[in-house]
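A short worksheet on the structure shown next.
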Amino acid sequence: MRLLQISDPHLLAHPEACYRGRRPSRHLAEALRQGAALDPPTDLLLISGDLCQDESWGGYARLRQLLERWPTPVALLSGNHDHPQLLRAALGRRAVLSPALLELGGCRLALLDSHQAGRVGGALGQRQLHWLAAALQRWAADAPRPLLVAVHHPPVPIGDPTMDAIALEDGAELLALLRPIPSLVGVVFGHVHQHWQGELPGRPEVALLGCPSTLCGFGPVQPCPLGRADDPGGRWLELGAAGGLRQELLRWPAPAPTPA
């Protein structure tokens, strides 16, 4: 399974509106253009949360419009800057929305929902953790398939005090649940607006990967391997049917600003 992860587009209701001095709609359109040009093509597009900064129907309608020509399945996570009910109403028939389980190309993907209404920090909650535990137990009875887990908020501290204060509250519980799963190859997340790479404690072969934003960068805590921390970006991932994860950080120039 080849997967393109992009994150944190922060769309607004008006297509030409600005956030942090940039036009989110144009930046996401450019990210999709860059993703569509990847060779080999991806099997799945994952947008890992903070889809709509103003949590508006217009923002989600714009996202639906931007995704109309995207050629592969799409998976969407809710972030703290999202309205899950409006997201489902606008895109429930176009994309797979978290929480959900996907099987594609002999691989598995668990999409988790860390949104908390009215809060910036994230949490899965006991109900979702129990749901995931039951799914992992069912999968354990089948032939092993590589497993990738996606969540908006980082499940571990990344070394930025501001971000660490609004990370996944029950991240330790999530990782304790995942640690014994032999087929687990990685956990990917958004929220941090930067490249970040670590490993699952006790399982150094399992990657923990933060994704840049399609809009603007924060930090960075770790140097950008491409030396382009301020540029929009994403991440390309490939899960092999026999296990293992290959991944590559992507960056591209920001769209030129529109003349006033």
Counting only residues that are within 19 Å of the chain's Cα centre (by Cα) and either over 13 Å from Leu184 (Cα atoms) or in a helix (DSSP H, G or I) (or both), the stretch 126-151 contains a total of 4
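Select from the stretch 12-65 the residues that are in a loop (DSSP other than H, G, I, E, B), aliphatic (A, V, I, L, M) and within 19 Å of the chain's Cα centre (by Cα) and list them in ascending order. If you could, list the steps in order and put the result at the bottom.
Quick first cut of the stretch 12-65, residues in a loop (DSSP other than H, G, I, E, B) only: 12-18, 20-21, 23, 37-43, 48-51, 53-56.
When the remaining residues are screened for being aliphatic (A, V, I, L, M), the result is 12-13, 17, 37-38, 51.
Leu12, Leu38, Leu51, listed by residue number.
I need the full set of residues from the stretch 145-161 which are free of Cβ contacts under 8 Å to residues at least 60 places away in the same chain and either buried (at least 21 other Cβ atoms within 10 Å of the Cβ) or farther than 19 Å from Leu208 by Cβ (or both), in order please. Outline the logic, then answer.
Step one: of the stretch 145-161, the residues free of Cβ contacts under 8 Å to residues at least 60 places away in the same chain are 147, 149, 154-157, 161.
Those that are free of Cβ contacts under 8 Å to residues at least 60 places away in the same chain and either buried (at least 21 other Cβ atoms within 10 Å of the Cβ) or farther than 19 Å from Leu208 by Cβ (or both): Leu147, Val149, Pro154, Pro155, Val156.
Considering the stretch 221-260 alone, what residues qualify as being among the acidic types (Asp, Glu), surrounded by fewer than 16 Cβ atoms within 10 Å (Cβ to Cβ) and assigned to a strand (DSSP E or B)? Show your work before the answer.
Step one: list which residues in the stretch 221-260 are among the acidic types (Asp, Glu), which gives 230-231, 238, 248.
Checking the rest, the ones that are also surrounded by fewer than 16 Cβ atoms within 10 Å (Cβ to Cβ) come to 230, 248.
Selection gives Glu248 alone.
So, Ala117, is that one part of a helix (DSSP H, G or I) and small (Gly, Ala, Ser) or not? Spell out the reasoning first.
Working: part of a helix (DSSP H, G or I): no; small (Gly, Ala, Ser): yes.
Answer is no for this residue.
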Note on the stretch 9-38: residues touching a residue at least 24 places away in the same chain (Cβ under 8 Å) and aliphatic (A, V, I, L, M) are Leu11, Leu12, Ala13, Leu28, Ala29, Ala31, Leu32, Ala36, Leu38
- prompt: For the stretch 226-233, does any single residue satisfy the condition of being in contact (Cβ under 8 Å) with a residue 40 or more places away in the chain, in contact with a Lys or Arg (Cβ under 8 Å, 6 or more places away or on another chain) and closer than 21 Å to Arg108 by Cα?
  reply: no
Taking the stretch 1-11 and the residues there that are part of a loop (DSSP other than H, G, I, E, B) and of a type outside the set (Gly, Ala, Ser), the one that is surrounded by the fewest Cβ atoms within 10 Å (Cβ to Cβ) would be Met1
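If you check Pro73 against the conditions, is it touching a strand residue (DSSP E or B) at 6+ places or on another chain (Cβ under 7 Å) and surrounded by fewer than 21 Cβ atoms within 10 Å (Cβ to Cβ)? Outline the logic, then answer.
Details: touching a strand residue (DSSP E or B) at 6+ places or on another chain (Cβ under 7 Å): yes; surrounded by fewer than 21 Cβ atoms within 10 Å (Cβ to Cβ): yes.
Considered against the rule, which asks whether it is touching a strand residue (DSSP E or B) at 6+ places or on another chain (Cβ under 7 Å) and surrounded by fewer than 21 Cβ atoms within 10 Å (Cβ to Cβ), Pro73 comes out as yes.
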Checked the stretch 205-260 for anything aromatic (Phe, Trp, Tyr) and within 16 Å of Leu38 (Cα to Cα); matches are Trp236, Trp252
Ala140 fails exactly one of (1) modelled with pLDDT of 95 or more; (2) surrounded by fewer than 21 Cβ atoms within 10 Å (Cβ to Cβ); (3) among the hydrophobic types (A, V, I, L, M, F, W, C), namely (1)
In the stretch 189-198, is there at least one residue being out of contact with any His (no Cβ under 8 Å at 6 or more places or on another chain), β-branched (Val, Ile, Thr) and either crowded, with 20+ Cβ neighbours inside 10 Å or modelled with pLDDT under 95 (or both)?
yes
How many residues of the stretch 16-41 are of a type outside the set (A, V, I, L, M, F, W, C), surrounded by fewer than 12 Cβ atoms within 10 Å (Cβ to Cβ) and closer than 26 Å to Arg246 by Cα? The answer is 3
Over the stretch 74-114, the set of residues more than 17 Å from Gly59 (Cα to Cα) and in a loop (DSSP other than H, G, I, E, B) is Ser98, Pro99, Gly105, Gly106, Leu112, Asp113, Ser114
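The values are calculated or read from the model by the stated rules, or taken from the named source; none is laboratory data. Because the structure is a prediction, the values reported are computed rather than measured. Counting neighbours? That spans all protein chains shown, and the Cβs are built from the backbone with ideal geometry, glycine included.
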